[in-house]
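K.L.:
Please find one structure pasted underneath; my questions will follow.
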Amino acid sequence: MHVIDRRIAYDGHYKLSQLQVQDGPDVLRRERFEPGKAVAALVYHTGTQQYVLTRQYRIGPEDEIVELAAGMIDGEEEPQAAIRREIHEELGYDVDRLELITRMLPSPGTSAEVITVFYAEVSQQSGQGGGLAEENEKIEAVLFRAEELWQAAFEDAKTIIAVQWARLREATQ
């Protein structure tokens with residue numbers, strides 16, 4: 001299979017492309033959601049020994065959810081720079097250390113989205129956090145001790161993956 005034609009069907013806050021895919025003698029029409037490249041991080045405060053997640057309203061579930069600090073990569077920005085920016089905007093922390101957890105495709109059957117997920121250690125808060133007013137963000141920090149995080153129920157896939165990574169990491173140390 002390979003793409004033989006593509007056009008933008010919708011170009012708003014996100015893009016939707018319409019693709020023609022050659023599959024042997026057949027030509028298939030498919031739509032692909034193109035939100036862009038994103039970053040996320042499981043943030044750990046080394047001083048308080050707590051994980052710092054976010055709570056904010058998300059349009060997908062039409063509700064507030066608790067999830068990793070996350071955001072979009074701007075243009076040609078490197079993922080490491082993007083997640084440092086997002087952690088500062090959302091939580092007010094400067095990052096002391098970053099470690100790559102994974103690069104994931106959350107829904108490859110319909111979406112071109114790529115999310116690079118990190119583990120970040122912080123110790124100094126140099127800003128207020130809460131997100132950017134010009135992006136209509138209203139983000140609250142939510143703190144978890146390790147045991148609380150292991151017991152919490154999350155619906156967000158990148159958060160579930162990062163929490164499981166942290167549990168396995170702790171179990172092997």
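Derivation of every value follows stated rules applied to the coordinates shown; laboratory data play no part. All of these numbers come straight from a predicted model, not from anything done at the bench. Cβ placement follows ideal geometry from the backbone for every residue including glycine, while neighbour counts extend to all protein chains displayed.
K.L.:
Mind sorting Glu89, Glu76 by how few other Cβ atoms lie within 10 Å of their own Cβ, fewest first?
P.N.:
Arranged by neighbour count, lowest to highest, Glu89, Glu76 become Glu76, Glu89.
K.L.:
Would you calculate the separation in nanometres between label points at Arg58 and Leu28, each defined as 7 Å from the Cα along the Cα-to-beta-carbon direction?
P.N.:
About 2.7 nm, to one decimal.
K.L.:
Now for a separate question. Which of the peptides 23-32, 100-109, 44-53 is most tightly packed, and how do the rest follow, going by the mean number of other Cβ atoms within 10 Å of each residue?
P.N.:
Most protected by this proxy first, the peptides run 44-53, 100-109, 23-32.
K.L.:
OK, next. Could you check how many percent of all C-alpha pairs in the range 122-173 are farther apart than 18 Å?
P.N.:
Values: 668 of 1326 pairs.
When all Cα pairs of the range 122-173 are counted, 50 percent exceed 18 Å.
K.L.:
Under a plain spin-label model, where a point goes 7 Å from the Cα along Cα-to-Cβ, how far apart in nm are Ala81 and Lys15?
P.N.:
2.1
K.L.:
In addition: Could you calculate the contour length gain from Gln49 to Glu134, that is, 0.36 nm times the residue separation minus the distance between their Cα atoms, to one decimal place in nm?
P.N.:
Fully extending the segment from Gln49 to Glu134 adds 27.4 nm.
K.L.:
Can you pull the Rg over Rh of the range 15-107, Cα-only, Kirkwood?
P.N.:
Reported Rg/Rh, Kirkwood definition of Rh: 1.11.
K.L.:
Mind pulling the angle between the C-alpha long axis of helix 157-171 and the longest principal axis of the chain? Nearest 10 degrees, somewhere in 0 to 90.
P.N.:
50
K.L.:
Kindly provide the pair-distance distribution of the range 36-171 built from C-alpha pairs, with 10 Å bins from 0 and whole-percent values in order of increasing distance.
P.N.:
Percent of pairs per bin, in order: 12, 46, 36, 5, 0.
K.L.:
A further question follows. Please figure out what share of the DSSP beta bridges in the range 10-120 is antiparallel and state it in percent, rounded to the nearest 5. Before the final figure, lay out each step's value.
P.N.:
Working: 29 of 37 bridges.
Approximately 80 percent, going by the DSSP bridge assignments.
K.L.:
Could you line up Ser17, Ser123 from fewest to most neighbouring Cβ atoms inside 10 Å? Spell out each step's value before the answer.
P.N.:
Details: Ser17 17, Ser123 14.
Fewest-to-most Cβ neighbours within 10 Å comes out as Ser123, Ser17.
K.L.:
With label points built 7 Å along Cα→Cβ from the Cα atoms of Arg6 and Leu100, find their separation and express it in nm.
P.N.:
With each label point 7 Å from Cα toward Cβ, the separation is 2.3 nm.
K.L.:
Taking the beta-carbon count within 10 Å as an exposure proxy, list Met72, Met1 from fewest neighbours to most.
P.N.:
Met1, Met72
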